[in-house]
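Peer 1: One structure follows; several queries about it will come next.
The values are calculated or read from the model by the stated rules, or taken from the named source; none is laboratory data. The structure presented is a predicted model; accordingly, all values stated were derived computationally and were not measured. A quick note on method: Cβ atoms are made from the backbone with ideal geometry, for glycine too, and the neighbour counts reach across all protein chains shown. Please note that ligands, DNA and RNA were not included when accessible areas were found on the heavy atoms of the full protein model with its side chains. Shrake-Rupley method; radii C 1.70, N 1.55, O 1.52, S 1.80 Å.
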Amino acid sequence: MSLKEQFILNFVEDDRWKYLTNGLLNTLTITVFALLLGVVIGIVVAMIRTTYDKTKDSLKKRNKIGYSFFFIVNSICKIYLTVIRGTPVVVQLLIAYFIIFAFSNDGIMVASIAFGINSGAYVAEILRGGIMSIDVGQFEASNSLGFNYVQTMIYVIIPQVIKTVLPTLLNEMIALIKETSIAGYVGIVDLTKGGDIIRGRTFSAFMPLLAVAAIYLVIVSFLTFVLGRVERRLRKSER
Amino acid sequence: MSDNVIIKTENLCKFYGEKIHALENVNVEIKKGEVVVVIGPSGSGKSTFLRSLNMIEPATSGKVIFDGVDIMSAKVNINLHRQRMGMVFQHFNLFPHMTILRNMTIAPMKLLKQSKAEAETKAMELLKRVGLDDRAGAYPSQLSGGQKQRVAIVRALCMNPDVMLFDEPTSALDPEMVGEVLSVMKQLAEEGMTMVVVTHEMGFAKEVSNRILFMDEGKILEDGSPEQIFNNPQNERTKDFLRKVL
Ligand SMILES: Nc1ncnc2c1ncn2[C@@H]1O[C@H](COP(=O)(O)OP(=O)(O)OP(=O)(O)O)[C@@H](O)[C@H]1O
Ligand SMILES: [Mg+2]
């Protein structure tokens, strides 16, 4: 079969290209929602963990009940991080789909939530690393002017953290897009699954699978390009 | 307690962990307008003492009475009191993501609710006094060490503090920049600012301070005027220390 015939068979006949475009749409939907959820979870968990680390000693003395409550919340965050980072994301997705959200058959939503919860753990650790990397002198100077902990975070720490972690967060996003390719495990037709369905119909693997790979590559290359620009701008503003 | 005492510590103790006793029953009264220099060997607790005054490093027990209020008490909102105590650090600790002007105006605007114009006018005035008004739009990384430290001093002054605390403000500077920072501090002292200064600059101590505290092993071993301390030290350890540094 000539390349042209292969192309027509795999993509044109029966509008098979739609498997790829619809799949891509699902891949992007899951990625975007997962990323949003991941960032929200990440910020909350990172704030809890670092605030706990930085204030536990004084809180222990001043407010026993508040301290106990905080201790429990912090422990829950630690367990979350350990479990999520200690198990494969495929397993998490399967558990989410077949156990936790067994009542729902909206695969896209379940996958978005599962990937979001997964990515939240990584984002949390990226942010925590960013906050911990800020010199304690910054906290001290801010406190010495009279800013409380929250104000210090908002005006002094977070703007600096964003600068240091933005490249790492973009990398996390790139990883996430590729990770969503396992969504087919729970019956979602994402980009990967779409290509695989075409292969199953046409009994020709070459074109559909290379097309899938090419699409991922284009998206990731674009994001890598953006990442490079961001890094360059950040380096410039350092000077 | 007499009216013009601004800071008083009572039996101030500080432990780091179980073993390190960084402050041992420190009792000091600092009066308004006094320029107090704290000297002593490395590890004697000078920084710990200074940092306990605004509770950047809270003491373990005892009292810090600032303008009549025990700020160690759990009921006190320490942030309100810190607004009235400026602090200058060895490593400047300017905010690197803000311009010099923004470094100086953010606290008065957010905490004292000053308008932008009001805060900027005051900041520019102070910058002019330390000869840096032309650098208002620069970022800290674009300044020399001496310039950064002068900015750090005026940043603290923007809050109109009643007391200024200095922890070795010239120790991280190249020798040729020490003078410009000390002269700003001297000017401040002459204007009547209450200052507590941890420093190894004995010249500054002799010339500018009214009072010197000698610390060793977490205790204030000697407390007197510069003439007393430098010309007629009583404690053996003070003598020993001065012999080494002078
Ligand atoms: N964060 C800390 N954790 C544990 N020990 C500390 C800490 N900070 C200070 N110490 C200890 O407390 C004691 C007093 O230290 P401090 O920094 O107050 O001394 P210093 O007089 O300022 O010394 P230097 O002249 O070197 O700055 C020292 O034994 C020091 O090792
Ligand atoms: Mg020190």
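Peer 1: What number of residues in segment A:113-144 are open to solvent by less than 20 Å² (accessible area, probe 1.4 Å) and more than 14 Å from every other protein chain (Cβ to nearest Cβ)?
Peer 2: 10
Peer 1: Just to be sure I understand the filter: pairs with C-beta atoms under 7 Å, separated by 6 or more residues or on different chains, first member in segment B:44-58 and more than 18 Å from B:T194 (Cβ to Cβ) and in a loop (DSSP other than H, G, I, E, B), second member at pLDDT 95 or above and polar (S, T, N, Q). Which pairs pass?
Peer 2: Sorted first by the residue in segment B:44-58, then by its partner, the pairs are B:E57/B:T48; B:P58/B:S52.
Peer 1: Now, a different point. Hey, among A:L81, A:L93, which residue is away from chain B (no Cβ under 14 Å), at pLDDT 95 or above, more than 30 Å from A:L24 (Cβ to Cβ) and surrounded by 12 or more Cβ atoms within 10 Å (Cβ to Cβ)?
Peer 2: A:L81
Peer 1: Give me the pairs: first residue in segment B:81-102 and farther than 11 Å from B:D162 by Cα and more than 8 Å from chain A (Cβ to nearest Cβ), second residue of a type in the set (F, W, Y) and within 16 Å of ligand 1 (Cβ to nearest atom), beta-carbon distance under 8 Å, and six or more apart or on different chains, which are they?
Peer 2: B:V88/B:F166
Peer 1: Restricting attention to segment B:75-86, and to residues there that are closer than 18 Å to B:L157 by Cβ and in contact with a Phe, Trp or Tyr (Cβ under 8 Å, 6 or more places away or on another chain), which single residue is nearest to ligand 1 (Cβ to nearest atom)?
Peer 2: Restricting to residues being closer than 18 Å to B:L157 by Cβ and in contact with a Phe, Trp or Tyr (Cβ under 8 Å, 6 or more places away or on another chain), the top hit is B:M85.
Peer 1: What's the number of the condition B:E125 fails, among (1) within 14 Å of chain A (Cβ to nearest Cβ); (2) within 30 Å of B:E180 (Cβ to Cβ); (3) outside any loop (DSSP other than H, G, I, E, B); (4) free of Cβ contacts under 8 Å to residues at least 24 places away in the same chain?
Peer 2: (1)
Peer 1: Among (1) within 16 Å of ligand 1 (Cβ to nearest atom); (2) within 14 Å of chain A (Cβ to nearest Cβ), which single condition is B:E201 missing?
Peer 2: Every condition holds for B:E201 apart from (2).
Peer 1: Within segment A:24-75, restricting attention to residues that are among the aliphatic types (A, V, I, L, M) and within 14 Å of another protein chain (Cβ to nearest Cβ), which residue is nearest to A:L170 (Cα to Cα)? Walk me through how you get there before you give the answer.
Peer 2: Initial filter on segment A:24-75 (among the aliphatic types (A, V, I, L, M)): A:24-25, A:28, A:30, A:32, A:34-37, A:39-41, A:43-48, A:59, A:65, A:72-73.
Within this subset, residues satisfying the condition of being within 14 Å of another protein chain (Cβ to nearest Cβ) are A:59, A:65.
Values: A:L59: 35, A:I65: 39 Å.
By that ranking, first place goes to A:L59.
Peer 1: Taking segment B:11-43 on its own, how many of its residues are free of Cβ contacts under 8 Å to residues at least 60 places away in the same chain and basic (K, R)?
Peer 2: So the count comes out to 1.
Peer 1: Of the residues B:E34, B:E10, B:E24, which is of a type in the set (D, E) and within 15 Å of ligand 1 (Cβ to nearest atom)?
Peer 2: Just a single option satisfies the conditions, and that option is B:E24.
Peer 1: In addition: Go through A:K78, A:K64 for me and flag whichever is among the charged types (D, E, K, R), more than 25 Å from A:A213 (Cβ to Cβ) and in contact with a Lys or Arg (Cβ under 9 Å, 6 or more places away or on another chain).
Peer 2: Details: A:K64 fails: in contact with a Lys or Arg (Cβ under 9 Å, 6 or more places away or on another chain).
Going through A:K78, A:K64 in turn, the sole match is A:K78.
Peer 1: Which count do you get for residues in segment B:133-191 that are assigned to a loop (DSSP other than H, G, I, E, B) and in contact with a helix residue (DSSP H, G or I) (Cβ under 7 Å, 6 or more places away or on another chain)?
Peer 2: Looking only at that region, the number is 12.
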